[in-house]
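A.B. asks: Here it is, the structure, as structure tokens.
The values are calculated or read from the model by the stated rules, or taken from the named source; none is laboratory data. Just so we're clear, the structure is a prediction, and the values are computed from it rather than from any experiment. All Cβ positions, glycine included, derive from the backbone under ideal geometry; neighbour counts span all protein chains shown. What goes into the accessible areas is simple: the full protein's heavy atoms, side chains included, and nothing from ligands, DNA or RNA. Shrake-Rupley method; radii C 1.70, N 1.55, O 1.52, S 1.80 Å.
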Amino acid sequence: MKIGIIGLGLIGGSLAKAIKLHTKHTVYGSNRSEEVLKKAELTEAIDGRLTDETLPDMDLVIVALYPHQIVKTIKEKAGLFKDGALVIDCGGVKRFIMEELRDTVAGRPWHFIGGHPMAGREYSGFRYAKDDLFDGASMILTPDDETPIDLLSDAKAFFLAIGFGRVVFTTPEEHDEMIAYTSQMAHILSSVYIRSELALKHKGFSAGSFLDMTRVARLNETMWAELFLLNRDALVSELDGLINRVVLYRDALAAEDEEGLTRLLREGRERKEFLDE
């Protein structure tokens, strides 16, 4: 199978490397940076360059860009995709992408499935791409009602073959609601936490918990701001809930309510233990 990857950053580059490691598929890649393309070729992450001339030969096209660029690129290339080809994006929000592309993909001789690989690092760019980035991770797919079941089966088999631990099929709405909680809010919390003045003096006083809380503060602010804004309703709702819960702890501390504080901490521990079962 010939696979084209548009965007060879952390995600696209890691996908290319994972495909090359685990399969015999031929991988073509495109990127706005000539330097990145040369590195991808030199490290054999790709077999060739993806151009308007080679794009019509691709059986599978993965678009690993920011959401607005995903929409723009698929609209621009819609007439070039091969009949019967599968196009999958890797955007971190799904409602926006699916809604924006609905008219573009309707009635085409190729198929589109929304996707989101649930793996990443606090660093961005091809130089941080790894062939094991997705080992054991979830790949979320948001197909529409018209997607043939055999195509979904093929997509699932493909992602499992390159290292993913599971493939989750869901709706764009459920995806965005869950991602607001499991991913986006965690990045905001980390960014907020590191802004304390005490962070400047943490050395010698910090250990694993500090590192865990601050790791994803080293984020790509351009990408994450776009993701947050495109999912602002779900994210604001989660943040409102978080603020309300934090106030409970703050009020218990201020009132020297040891019993109430102990109860809150116990409930948090029990919730974590339940989720780990």
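A.B. asks: Which of the GluC sites (Glu not before Pro) found in segment 25-102 are loop residues per DSSP with 15 or fewer other Cβ atoms within 10 Å of their Cβ?
C.D. replies: Values: sites: GLU34, GLU35, GLU41, GLU44, GLU53, GLU76, GLU99, GLU100; in loops: GLU44, GLU53.
Listed in order of number, the matching sites are GLU44, GLU53.
A.B. asks: Leaving out ligands and nucleic acids, note down the accessible area per residue over segment 1-52 with a 1.4 angstrom probe, in whole Å².
C.D. replies: Details: 2520 Å² over 52 residues.
Result: 48 Å² of accessible area for each residue.
A.B. asks: How would MET178, MET118, MET58, MET98 rank on accessible area, largest to smallest, probe 1.4 Å?
C.D. replies: MET178, MET118, MET98, MET58
A.B. asks: On a 26 Å Cα-Cα criterion, which of the cross-link pairs LYS39/LYS75; LYS24/LYS72; LYS39/LYS156; LYS94/LYS272; LYS20/LYS82; LYS2/LYS72 come out too long? Before the final figure, lay out each step's value.
C.D. replies: Numbers: LYS39/LYS75 28 Å; LYS24/LYS72 30 Å; LYS39/LYS156 29 Å; LYS94/LYS272 28 Å; LYS20/LYS82 22 Å; LYS2/LYS72 23 Å.
Where the Cα-Cα span goes over 26 Å, the pairs concerned are LYS39/LYS75; LYS24/LYS72; LYS39/LYS156; LYS94/LYS272.
A.B. asks: Related question: Ignoring ligands, DNA and RNA, what percent of the 1.4 Å accessible area of segment 153-255 is carbon and sulfur?
C.D. replies: On the way: 3960 of 6690 Å².
Looking at segment 153-255 in its full context, I get 59 percent from C and S.
A.B. asks: Still on this structure, please answer the following. Between segment 208-258 and segment 133-162, what is the C-alpha centre distance in whole Å?
C.D. replies: Centre-to-centre distance over Cα atoms comes out at 31 Å.
A.B. asks: Still on this structure, please answer the following. Within the set of other residues whose C-beta is less than 12 Å from the C-beta of GLU99, count the net charge using Lys and Arg as +1 and Asp and Glu as -1.
C.D. replies: Details: positive: LYS94, ARG95, ARG102; negative: GLU100, ASP103, ASP144, GLU173, ASP176.
Overall, the nearby charge balance is -2.
A.B. asks: Hey, what number do you get for the chain at 222 nm if only DSSP H runs of n ≥ 4 count, each worth -39500 (n - 2.57), divided across all residues, to the nearest 500?
C.D. replies: Details: 11 runs with 133 residues, N = 277.
Estimated from H runs of four or more residues: -15000 deg cm²/dmol.
A.B. asks: Further question: Could you give each residue of segment 48-55 its phi-based ³J(HN,Hα) in whole Hz, using Karplus coefficients 6.51, -1.76, 1.60 with θ = phi - 60°, and x for Gly or Pro?
C.D. replies: x, 8, 8, 10, 4, 7, 8, 4
A.B. asks: Next question, about the same structure. Give the accessible area for ASP240 in Å² (nearest 10); use a 1.4 Å probe, count only protein heavy atoms, and leave out ligands, DNA and RNA.
C.D. replies: Accessible surface of ASP240 is approximately 80 Å².
A.B. asks: If you don't mind, another one. Which order do LYS94, LYS201, LYS17, LYS2 take by accessible area at a 1.4 Å probe, largest first? The partial results should precede the final answer.
C.D. replies: Numbers: LYS94 0, LYS201 135, LYS17 50, LYS2 80 Å².
The ordering from most to least exposed comes out as LYS201, LYS2, LYS17, LYS94.
A.B. asks: Moving on. In whole Hz and in residue order, list the ³J(HN,Hα) couplings for segment 238-251 that follow from phi through the Karplus curve 6.51 cos²θ - 1.76 cosθ + 1.60, θ = phi - 60°; x for Gly and Pro.
C.D. replies: 5, 5, 4, x, 4, 4, 4, 6, 4, 4, 4, 5, 4, 5
A.B. asks: If you count only protein heavy atoms with a 1.4 Å probe, what accessible area per residue comes out for segment 85-179, rounded to a whole Å²? Intermediate results must be reported in sequence, preceding the final value.
C.D. replies: Values: 4390 Å² over 95 residues.
Here the residues of segment 85-179 average 46 Å² of exposed surface.
A.B. asks: Read phi for every residue in segment 212-224 and hand back ³J(HN,Hα) as whole Hz from Karplus 6.51 cos²θ - 1.76 cosθ + 1.60, θ = phi - 60°, with x for Gly and Pro.
C.D. replies: These are the phi-based 3J(HN,Hα) values: 4, 6, 9, 4, 8, 5, 7, 10, 8, 5, 5, 5, 5 Hz.
A.B. asks: What's the angle, to the nearest 10 degrees (0 to 90), between helix 149-161's Cα axis and the longest principal axis of the chain?
C.D. replies: 70 degrees
A.B. asks: Let me check against my output: what whole-number percent is the relative contact order of the chain, with C-alpha pairs under 8 Å and at least 6 apart? Walk me through the intermediate numbers first.
C.D. replies: Numbers: 413 pairs, mean separation 45.0, N = 277.
Once normalised by length, the contact order is 16 percent.
A.B. asks: Let me ask something else. Distance in nm between label sites at TYR181 and VAL246, each 7 Å beyond Cα in the beta-carbon direction?
C.D. replies: If labels sit at TYR181 and VAL246, their model points lie 1.9 nm apart.
A.B. asks: Can you pull out the chymotrypsin sites (Phe, Trp or Tyr not before Pro) in segment 113-210 whose DSSP state is coil and whose Cβ has at most 10 other Cβ atoms within 10 Å?
C.D. replies: Sites meeting the loop and neighbour criteria: PHE205.
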